[in-house]
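All of the numbers you see were taken from the coordinates with simple rules; none came from a lab. Quick caveat, the model's predicted, so the values are computed rather than measured. Cβ atoms come from the backbone with ideal geometry, glycine included; neighbour counts cover every protein chain shown.
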Amino acid sequence: MKHIFDFGAIKSLLSRPDFSFCYDALHGVAGIYAQKIFVDELSADPSFLLNCVPKEDFGGGHPDPNLTYAKELVHRMGLGKTDPIEEIPEFGAAADGDADRNMVLGKRFFVTPSDSVAIIAANAVGAIPYFEGGLKGVARSMPTSAALDVVAKALNLKFFEVPTGWKFFGNLMDAGMCSVCGEESFGTGSDHIREKDGIWAVLAWLSILAHRNSQAPSGGKLVTVEDIVRVHWATYGRHFYTRYDYENVDAGAAKELMAYLVSLQSSLSDINRIIKDVNPDVPSVVKGDEFEYKDPVDGSVSKHQGIRFLFEDGSRLVFRLSGTGSEGATIRLYIEQYQSHTSKIGIESQVALAPLVEIALKLSKMEEFTGRSSPTVIT
Ligand SMILES: O=P(O)(O)OC[C@H]1O[C@H](O)[C@H](O)[C@@H](O)[C@@H]1O
């Protein structure tokens with residue numbers, strides 16, 4: 001990590017009296033690395049560490065770094081239902097049990113994993129010494145928002161959209177075609193180890209914060225996580241994004257829903273008739289397909305990687321079955337809308353996405369097929 005990042009710059013950031021941090025390892029293995037890297041090497045205040053003693057049962061919690069399971073961190077960062085008693089830290093992060101995934105938060109502010117990888121890619125060359133010579137390329141999984149695409153286009157970077165599953169990134173990185181990649185499922189990584197790396201992602205964010213603050217006038221107000229994200233949206237536009245998970249759905253019902261969507265995606269006139277009946281203000285779908293990927297390295301073809309509805313304004317609806325659910329089937333619905341008007345960038349995500357959510361549920365007949373009137377988890 002010392003060869004990848006500028007530890008001196010991060011150390012200066014961590015020593016600022018107006019900077020505070022909370023790192024939640026959720027009692028997974030990340031705690032060991034957090035103590036060694038953040039506290040022993042970077043001199044962070046030990047009170048910044050939360051749940052950093054690894055436990056066989058993860059302290060009775062579920063070590064998933066998201067807004068549902070990282071409850072204590074979410075509360076400390078002021079994103080819970082009630083305000084925390086102590087002062088809210090400037091930067092928050094969590095790792096999963098084996099420390100390969102990460103969640104990044106600002107004060108009362110959630111950074112979507114799709115935005116996180118885009119922001120890391122946009123700032124990598126200036127903020128992270130390992131990338132000084134430029135990025136070989138960037139990649140995201142298909143359901144991850146197109147925030148990274150916009151950065152790749154603006155910076156003229158090689159870009160890849162791969163199916164969900166880290167092996168696809170691995171192939172690109174082995175072949176020297178990709179430096180930074182990430183997924184909506186809280187995995188972010190680079191070719192330093194060709195894997196997701198939760199600690200690396202946090203150091204990348206600390207580096208961006210350190211870099212932006214080193215550019216700010218000395219003695220001035222701290223440039224925060226939220227500032228960085230808002231400047232990014234103002235520069236590249238914002239991808240509103242949400243994921244609905246329907247867990248433990250009857251496997252037969254999930255299969256039927258997917259089969260129905262496969263038949264529906266081929267008829268644009270049927271799709272657009274349904275949309276206009278539900279909400280005439282929602283733009284039309286211009287393309288429906290089942291995502292397929294030909295690996296540029298080994299030529300292998302992966303079919304049936306999710307059903308996509310692409311709208312004329314760049315919005316997307318994606319449906320896929322999870323490959324990691326443990327009981328029954330898990331249906332994932334990904335909803336995304338692009339907005340580049342500065343006046344509309346700041347609105348609340350669930351408000352911006354409400355019309356598309358309604359369309360997605362009606363188009364897929366979600367309740368009819370699954371019997372579920374609401375998802376198990378919303379991210
Ligand atoms: O959406 P799922 O099929 O449940 O997959 C969720 C995640 O599982 C694993 O961690 C894979 O390495 C990831 O690439 C994937 O995003």
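FRET efficiency for the Glu312 to Lys255 pair, using the beta carbon distance and R₀ = 30 Å, is estimated at 0.50. Sorted from longest to shortest, the spans of the Cα atoms of the chain along the three principal axes equal 59, 44, 43 Å. Taking amide H as placed 1.01 Å from N in the peptide plane, Ala44 has its amide H under 5 Å from the amide H of Val39, each at least 5 places away in sequence or on another chain. Taking every full run of DSSP H in the chain, the ones that stretch at least 24 Å from end to end by Cα along their long axis and average -0.5 or higher on the Kyte-Doolittle scale are 198-215.
Taking the chain as a Gaussian network of alpha-carbon nodes connected by springs under 10 Å, the highest mean-square fluctuation of the residues Leu148, Leu264, Leu333 belongs to Leu264. May I ask for the longest run of the chain untouched by GluC sites (Glu not before Pro) that are loop-located per DSSP and have at most 16 neighbouring C-beta atoms (other than their own) within 10 Å? Longest site-free region, per DSSP loop and neighbour criteria: 133-291.
When only Cα pairs below 8 angstrom with a gap of at least 6 residues are kept, segment 7-236 shows a relative contact order of 19 percent. Between Met103, Leu135, Gly182, the Cα set farthest toward the positive side of the dipole of segment 7-236 (charges on each charged residue's Cβ, about the Cα centre) is that of Leu135. Using the Cβ-Cβ distance between Lys2 and Lys344 with R0 set to 51 Å, the FRET efficiency works out to roughly 0.75.
Taking a ≥ b ≥ c as the square roots of the eigenvalues of the alpha-carbon gyration tensor, segment 238-378 is classed rounded because a/c is under 1.5. Magnitude of the charge dipole for the chain, about its Cα centre and with charges confined to Cβ atoms of Lys, Arg (+1) and Asp, Glu (-1), is about 740 debye.
DSSP beta bridges fully contained in segment 7-236 are about 50 percent antiparallel.
Pairs over the 20 Å Cα-Cα cut-off, from the set Lys158/Lys344; Lys136/Lys287; Lys255/Lys365; Lys81/Lys362: Lys158/Lys344; Lys136/Lys287; Lys81/Lys362.
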